[in-house]
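Everything below concerns the one structure shown next.
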Amino acid sequence: MDVTTLNAFHLDVLKEIGNIGSGNAATALAKLLGKKVDMKVPQIRIMGFSEINETLGGAETPVAGILLGVLGD
C-alpha cells in the first residue's frame, strides 16, 4: 500500500497502535523509574524525511522517535 492511499480509517488505526505502544512504554518507564510518567496522545503525520527536522523543532531540539516500516496490503 502506498502512503498516498491512506484514508482516515487507516490513519486512525495507526494512531491507535501508536497510542497503545506509547502507553505500554510509559507504563514500563514509570516502573523502571519508580515515578509517574505523563504522556500525550500520539499524533500521526505522513511526511518526507526532508520535513522531519523542521516539524520537530529544528536540529537543536532533543526528541525521540520511531521509524516504522509498514509492509503488505
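Each reported figure results from applying straightforward, stated rules to the coordinates on display, with no laboratory input. Everything numeric in this text was worked out from a predicted model, so none of it was measured. Neighbour counts are summed over all protein chains in view; Cβ atoms, including those assigned to glycine, are modelled from backbone coordinates with ideal geometry.
Just a few scattered comments:
- Residue-averaged 222 nm ellipticity for the chain, from DSSP H runs of 4+ at -39500 (n - 2.57), nearest 500: -15000 deg cm²/dmol
- Debye log10 I(q)/I(0) for the chain, one point scatterer per Cα, at q = 0.13, 0.28 Å⁻¹: -0.52, -1.33
- Dipole check for the chain: with +1 at the C-beta of Lys and Arg, -1 at the C-beta of Asp and Glu, and the Cα centre as origin, the magnitude is about 500 Debye.
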